[in-house]
Amino acid sequence: MKKQSIICVVGTRPEAIKMAPVVLALRKENDFDVKILATGQHAAMLDQALNHFDLSADLNLNIMKDSQSLDYITSAVITGAGEYFDKVNPNAILVHGDTTTTFASSLAAFYRQIPVGHVEAGLRSGNMELPFPEEMNRVLTDKIAKWGFAPTELAKQNLLKDGMPFENIVVTGNTVIDALFYTIRNTKEPESADLLKLPKNAPFVLVTAHRRESWGHPLEDICEALTVLLEKYPELWMLIPMHKNPTVRSVIKKHLGNKEQVVLCDPLDYPDFVWAMNSSLFILSDSGGVQEEASAIKKPVLILRDVTERPEAIEHGSGILVGIKKNKILLHATDLLNNKERIAEIEHKCDNHPFGDGTASIKIAKSLRKYFSND
């Protein structure tokens, strides 16, 4: 088979982490000329993630700027990605998930009639406002995509309902599990100095909160709940890697910046973040990928959102949907802190989690090889 040119597009750190195993799997097939286009929607954090997998971008558009708007990101990615597609003339592009980079680069490919493969296709919250703008990004990307690499059976059914042909959908599991297992195999000890601020053997919870719909009052409520937990459990510590966005940082620092048992830090390198997930008592997070990762390592995660596009995390994994209201967050957090049996129940439920066995990227590579072999 003639070597096929494929461009894998990433813009944020989570995208880079989840796309990296796909790049590695495609390159092992030896039938693909694989290039990485980074948009730089997140700058340093994106490079850091790729470096962990010994990868680097063939081109970085470096679009990131202070207080960047969705309008700016969309237009910059369409223009920059389109120019690169014109230069390389690929046989296909692969995008991941639900970021503005994902949608905008898919649209640029559509304008050039380049087929798009959507990794982590078919996720739905059912509410265009939650998460915002991610739900719209993923729905429109699936409308553009030729191939849908669905992480679960439910995601496959969503794609079928939206009209994607059955033969173009492959259930693969989620590539974040591939990245997680790779990291566990290749990482021994944490390297971040921030993690050394946690007393040895101190019980701690890991907290991440950054989504746009949580800005303002919801994030204030989350921080107030964390403050009450610290007062109620004086032995408890919190590790809070803060998103780079100043809107997020200012609220977290206002409420928790002077708390002795709180470690506020920049986003951790992925290996250190995996260590933090593994070592924590449990996780509070509004992240999508963390819901899957936590299920794979059998770690309870309180989902700081009103809806989730990963209902499997609640039904078959470690997720508990607690929303963004102070009292409900406190109710579930104290339940876990007071009840070791509850944590054991969650661990047992994760024995058959639905997010894959760490071979999603191999399935994607083989699927594309089969398609191009028959073309």
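Extension gain, ASP351-ASN186: 0.36 nm per intervening residue step, less the Cα-Cα distance, totals 57.1 nm. On the beta carbon distance between LYS366 and PHE132, with R0 = 51 Å, the FRET formula returns roughly 0.90. Here each label is just a point 7 Å from Cα along the line to Cβ, and for LYS161 and ALA344 those points are 3.8 nm apart. Estimated purely from DSSP H runs of n ≥ 4, each contributing -39500 (n - 2.57), the mean residue ellipticity at 222 nm for the chain is -14500 deg cm²/dmol once divided by its residues. Derived from the Cα gyration tensor, the three semi-axes of the equivalent ellipsoid of region 193-352 are 22, 18, 16 Å, largest first. Extension gain, ASN30 to TYR72, is 11.4 nm, computed as 0.36 nm per intervening residue step minus the present C-alpha separation. Peptide packing: for 314-324, 285-295, 339-349, the average count of neighbouring Cβ atoms within 10 Å per residue gives the ranking 285-295, 314-324, 339-349, highest mean first. For region 193-352, averaging the sequence separation of C-alpha pairs within contact (under 8 Å, six or more residues apart) and dividing by the residue count gives a relative contact order of 23 percent.
Remark: region 193-352 carries a charge dipole of roughly 420 debye about the Cα centre, counting +1 on each Lys and Arg Cβ and -1 on each Asp and Glu Cβ.
Rounded to the nearest Hz, the phi-derived 3J(HN,Hα) couplings of region 247-257 under the Karplus curve 6.51 cos²θ - 1.76 cosθ + 1.60 (θ = phi - 60°) are 4, 6, 4, 5, 5, 4, 5, 4, 8, 10, x, where x marks glycine and proline. CYS265 label point, 7 Å along Cα→Cβ, cut-off 17 Å on backbone N: hits in region 175-207? Inside the label zone: 184, 187-207. Matching the structure-derived volume of the Cα convex hull per residue in Å³ against the labelled list [x] 190; [y] 133; [z] 125 gives the label [z]. For the chain, the Cβ-based charge dipole about the Cα centre amounts to some 320 debye (Lys, Arg positive; Asp, Glu negative; other atoms uncharged). Sorting 63-69, 299-305 by their mean Cβ neighbour count within 10 Å, with the most densely packed peptide first, gives 299-305, 63-69.
Any read-out appearing in this document is the output of simple, stated calculations on the displayed coordinates, not a laboratory observation. Bear in mind that the values here come from a model prediction, so they are computed numbers and not experimental data. Please note: Cβ atoms are built from the backbone with ideal geometry, for glycine as well, and neighbour counts cover all protein chains shown.
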